[in-house]
1. For peptide A:517-523, compute the average count of partner chain beta-carbon atoms within 10 Å of each residue's beta-carbon.
2. Between A:His384 and A:Gln70, what's the calculated FRET efficiency when r is the beta-carbon distance and R0 is 51 Å? Round to 0.05.
3. Within 10 Å of each candidate Cβ there may be at most 15 other Cβ atoms; applying that plus a DSSP loop requirement, which trypsin sites (Lys or Arg not before Pro) in the range B:156-242 survive?
4. When Rg is the radius of gyration of the Cα atoms in the range B:1-92 and Rh is its Kirkwood radius, what does Rg/Rh come to?
5. Quick one: dipole size for the range B:24-160, taken about the Cα centre, charges +1 on Lys/Arg Cβ and -1 on Asp/Glu Cβ, in debye to the nearest 20.
6. What is the fewest-to-most order of A:Met198, B:Met298, A:Met385 by other Cβ atoms lying within 10 Å of their Cβ?
7. How high is the FRET efficiency between A:Ala601 and B:Val155 when r is their beta carbon distance and R₀ equals 60 Å, given to the nearest 0.05?
8. Can you give the extra length, in nm with one decimal, that the chain gains between A:His366 and A:Thr591 once fully stretched, where that is 0.36 nm per residue apart less the Cα-Cα distance?
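Just so it is clear, none of the values below were taken in a lab; they were calculated from the coordinates. The structure displayed is predicted, hence computed values, not measured ones. We place every Cβ from the backbone using ideal geometry, glycine too, and count neighbours over all the protein chains shown.
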Amino acid sequence: MPELRIEATVNGRKVARAAKPHLRLLDFLRDDLGYTGAKEGCGAGECGTCSVFVDGVLLKSCLVPVAKAQGTTIETVEGLGHAGGLTVLQQAFHKAGASQCGYCIPGMVMAATAALRANPLASREEIKERLGGNICRCTGYQKIFDAVELARDVRNGRRPASALAEEDPVDGAFIGASVRRLDAPSKVSGALKYAGDMVMPHMLHLAVLRSPHAHARIVSIDTSEAEAVSGVEGVITAVDVPGIDGFGVFVHDQPIMARGKVRYVGEQVAAVASEDPLVARRALARIKVVYETLPAVFDAHEAMRPGAPVLHDYAPDNIVKHIPIRVGDVEKGFAESDLIVEEIYSTQQVEHAYLEPEAGLAYVDHDGVVTIVSPSQNITHHRHMLSRIIAQPISKVRFIMSPVGGGFGGKEDMVYQGMLALMAMKTRRPVRLVFTREESIITTAKRHPSHTTYKMGLMRDGRIRAAAIKLVSDGGAYGMSTEGVMRKAAILAAGPYSIPNVKIDTYGVYTNNTPSGAFRSFGALQSQFATETHLDICAEKLGLDPFAIRRINAMRDGAVTHTKQTLKSVSMLRALDATEQVSRWETGAPTSRGDVRRDLAGEGTRPPCTLGTRFANSAGKDSESEVA
Amino acid sequence: MARKRGRGVAACWYGIARTATVDRAGAWAEIDDGGTAKIVTGVTEIGEGILTVLAQIAAHEIGVRPQDVTIGDNDTARSPEAAHAGATRQTYMIGNAVALASRQARAALVEVLARYWNVDSRTIKTAAGEVWAEGTNHKMPMSEAVHIAKSRGVVPVGSASFGTDTTGLDPVDGSGRPWQAYVFGCQVAEVEVDTLTGEVQVLGIWAVHDVGRAVNPRGVEGQIEGGIVQALGQGLMEDYRTVNGHAATPNLAKYILPTSLDVPHVTSVILEDPDPIGPLGVKGIGEPAMIPTIPAIMNAIYDAIGVRMTSLPATPEKVLEAMGRRARAARQPVAAE
Ligand code: FES
Ligand code: FES
């Protein structure tokens, strides 16, 4: 295809470039012009991280073919401030603490800039509506709304410019002061380079061939045709691993690339490197893998039954980990109870959906040190594991942690760094890999789903006598963090309550599903969801207020936990008191009394929304203010 | 009335740092030229604000300002080992390690100055870039103090490892000491349920969390707000599904995330019950923030419409289905009579 000639004004500078016609405006800005402030969070118009202005209109540049840029005026986040300074809005993001990982922030700043350009007096509700196309996974949006309101007020004089400045700490004490984030300027300006923004001279791009099967034996892999493709610089498979293959947070059961068999759909089987990412991707089709499909299991309970397909030889029962906790005698406790309540709870697999898809850059340096730059949450452990896998001393393995565009536990697994290292070693060139959103979703760990059977015995006065909790969780095809997740789920399962008789069992199980792994709150979210919902049911049956039933059972200073640890200081009662007070809670048993309670719709709530109405209302106001 | 409101409450507890194993983290500190400080440690920002927290801690302990602190890159070949960025351990583990290392660096500087001024080292104070000896006229900028120390052969440096006194769990009854610091919290949720569509809106969350000691209160709020919205996503909409192992929700068009229009107003209250063991009293917030949210929302749904959502997520379809079941169950006994 002939190249296009693009002439445009970008951030106030005239540019004239040849561009490949299949590129998107996002690629042109990032790869050809180096404006990496625009990010690719999804490549499909769903997240807003790629937002830029084209002739003053806010567009998602991942949806715009580069040809459309011809003759336009484009602004990216890098072009908003003058001479490297920050706009009022960017300063407001800094002041309000509106950036966390920062990956959504350039797009968010663009969308917020558009919002205030469209209506300099936009209300908080209108701001929310105008930011509706931009996802942030970290902040919960509240501080972003605060920032946009602050910028609005400073710009129209309702608040002084000093409202954007750092506040002096009380008595010079920097611990306890809401110091503005030191990394925020680099995030609101788009200057911060994440791994996928980094380039090195002579760099190759990696593309990964993935398993189409949930469970299959690999009969053969033939890479010769792919290797013969012009522009392909290297192909790797499991045979390229020089040391002891296997990684994982607790058990090292996962090979760098599938070895002998595949255990889930999307598992990495081979990888290709080329200077042109398109060449690398196309060459994947030339790798011939012969599979022999095996019976697969997709349900944790089925996987625990005798005769179920076995995933890993070392675990013939498919159990990754069982954690038991025992206190007293639950059967005796149930017999003594006035009330027994039983229920089943279940939670689903959840995607981390950090806005930054996995990315990394690897090279072998002049001293032969294999170096991997990636947003890994655990470079220490990765260094140890990789040194064994590539049979090099630890001093010859170097991990550098790049800024993390959201992790939440999902970047603790060394899922792609091994492939990067192997390819850098094989080609002796820098190699970069950037996952697509689809690759990130279908191949990396999820939050463990859970199935919990719960039985609780209580006395009439609300005291819990006994709790029996059994939680079974689908860990998917590899161990990853399952063992730790089951441990934390178990230790914290019965909640911060003193209970004389406790029986807890958690089971993490192998299946041929997408692996489950570390995710913020790590099993404790699943088990405490069950406990806290269960307590509400019990409170209703006993006619007790939900705070009261928790207070009756709450651990206090000196309490002994379910693992028989004595806690010196327990803030549980203080937390209950403070919550009851700040929420203006109206005391009463949880009997579905929403219709009659009088503590609703007060301070601390937002107005309910019907999509579009706020926009319509404020649009009306816009025209009024224009008339005025 | 098609729209019904309700409220629910839920509490939580959580352990800080790595579980049922000894956790440890290392850090180096140097008081550097120009009265600045350099902190090197093997862990860095994943978005929670730890770089700023560490700069505040170092500034506070050494007596400079946070903007004078440079935090070195996290690089296994260049920085001391500090393990991973997770487990709600950063402020606790790395924060305490940085505090200890900073105290050591400061002590090295103070010792030189005590000799230089011929005063008792206990009278020497440092704050916001200045050094002085109490009860005297001796006072100078930190930059000069560093210069004096270096010309007397002392680089004011410190290094420290912070470790936990923890054990594994007994394989039979689970007894053990998995963490040395625990936090507690509680949240109330207020929801509105559309009984025609089954849609649940969370309008307000009141969240109270013990963090030990808040280094940066705005950052703590950011963790609470972000955690709540992630939990809201899992509670009401997010659902990664596979069919025979094949992802049915492989992109952000199918995998639904909370947007700016879905989020409640969050009122955060920070409780401080200082950790008695670590040098700073800090604990943590990242993970516990999201634990009470889902049960609080589910309990609020029950309050509003009388159905128990025990299977997540409580999507509009599942809420309507549960309402239908409840209505049928309510009719049945009547039919039987
Ligand atoms: S909307 Fe363009 S990358 Fe997500
Ligand atoms: S700060 Fe918004 S996605 Fe991380």
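1. Other-chain Cβ atoms within 10 Å of each residue's Cβ, averaged: 6.
2. Once rounded, the FRET efficiency stands at 0.50.
3. Passing both the DSSP loop test and the Cβ count: B:Arg241.
4. 1.21
5. The dipole magnitude comes to about 340 debye.
6. A:Met198, A:Met385, B:Met298
7. In this case the efficiency is close to 0.45.
8. 74.0 nm
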